Amino acid sequence: MSAKNNQTYGGSGLKVLQNLFASGHYVFSFDEAQKSAELLGIPVSTVPNALASLVASNWILRLRRGLYVGTAELPGFAQVPSFAIGTQLAKPSAISHWSALSFPHLTEQIPHDVFVTTTKKIVTPSMREPRLGPDRKEHAWNVAGVAYRYITVRPRFFFGYELVWLDERFRVPIFTKERALFDMFAAPSSFGGIAQSLEVLEASLGQLQGLNLVKVALQYGVASAAKRLGWSLQSMGVPERIIAPLRKIPFTGFILLDPGSPPQGPYDKGWNLRVNLPGKAK
């Protein structure tokens, strides 16, 4: 592309961007860019080269095929929050796990990565790279130094989020504090084990609605997660009237309190649990 053509495409591309941003499309698709060009009377045939010119100038980033975001290099442009990018890379999706826990300050751990739950199967660019030996790599979508980690769930498990304003421009779906905390008992290994889950639960009980946490567990409908949560709430003094629905969930046999630790420790028949915590080996 000649310097003259590059300047031409860049000029028309900036007009398209300004129109997109004015309508709130800070993360935008190729189709949206074409519609913007049409509204401005710019030939849609020039859009591919215009976008390529803007990417080369580092004024926009290509997130994936057909999806773009403006950068801080663009004059007068506000930086798009990582949470907004994460929920645009996959739809439907919601900020979850450590990211959701850190947002309402349920934990002092500030994650470097952004965790997002979605119903879509995500294929990151790293998954397309040739495998050399056993693939133990944790795949993530890396954009401008931020790693976006996606957790795919069945549609029936995708609930318990609310739309939250990050600032005056960006509103994104984020798991509620009760839903985000419940995930620590549904999949303790994703958070470093049940000890970490218990620590966060104890520190955040004052910020939680106990009944709402129990409702999340009942809607999730997985007995192992409900029993772990119920035992944990009881151990922290939550009244029986709140946790009784979890105790009544039918289950045969015993569940490990921490599925990632050895099967040892005492049995709690009231919760169908084997309490395999350190110091509970008898």
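Listed values, structure above:
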| item | result |
| --- | --- |
| Boolean, residue 7 is over 30 Å from residue 115 (Cβ atoms) and either in a strand (DSSP E or B) or at pLDDT below 90 (or both) | yes |
| Among the residues listed as 249, 242, the single one being assigned to a loop (DSSP other than H, G, I, E, B), among the hydrophobic types (A, V, I, L, M, F, W, C) and in contact with a helix residue (DSSP H, G or I) (Cβ under 9 Å, 6 or more places away or on another chain) | 249 |
| One residue from 166, 198, 229, 181 being touching a strand residue (DSSP E or B) at 6+ places or on another chain (Cβ under 7 Å) and among the hydrophobic types (A, V, I, L, M, F, W, C) | 166 |
| Residue match in the stretch 67-87 (condition: at pLDDT 90 or above, over 20 Å from residue 167 (Cα atoms) and not assigned by TED's automatic domain parsing to the domain that holds residue 114) | yes |
| One residue from 157, 170 being within 22 Å of residue 102 (Cβ to Cβ) and touching a Ser or Thr at 6+ places or on another chain (Cβ under 9 Å) | 157 |
| Failed item, numbered, when residue 40 is tested on (1) aliphatic (A, V, I, L, M); (2) modelled with pLDDT of 90 or more; (3) buried (at least 17 other Cβ atoms within 10 Å of the Cβ) | (3) |
| Selection within the stretch 19-56 - assigned to a helix (DSSP H, G or I) and of a type in the set (Val, Ile, Thr) | 44, 46, 47, 55 |
| Selection from the stretch 106-122 of residues that are within 18 Å of residue 196 (Cβ to Cβ) and either of a type in the set (D, E, K, R) or in contact (Cβ under 8 Å) with a residue 60 or more places away in the chain (or both) | 106, 107, 108, 113 |
| Residue, nearest to residue 105 (Cα to Cα), within the stretch 165-177, restricted to residues that are surrounded by fewer than 18 Cβ atoms within 10 Å (Cβ to Cβ) and either of a type in the set (Asp, Glu) or touching a helix residue (DSSP H, G or I) at 6+ places or on another chain (Cβ under 9 Å) (or both) | 166 |
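Yes/no matrix, rows are residues, columns are (1) hydrophobic (A, V, I, L, M, F, W, C); (2) within 21 Å of residue 154 (Cα to Cα); (3) surrounded by fewer than 18 Cβ atoms within 10 Å (Cβ to Cβ):
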| position | (1), (2), (3) |
| --- | --- |
| 213 | yes, yes, no |
| 219 | no, yes, yes |
| 225 | yes, yes, no |
| 231 | yes, no, no |
| 235 | no, no, yes |
| 239 | no, no, yes |
| 247 | no, no, yes |
| 260 | no, no, yes |
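The values are calculated or read from the model by the stated rules, or taken from the named source; none is laboratory data. Bear in mind the structure is a predicted one, so any value in this text is a computation, not a measurement. Cβ atoms come from the backbone with ideal geometry, glycine included; neighbour counts cover every protein chain shown.
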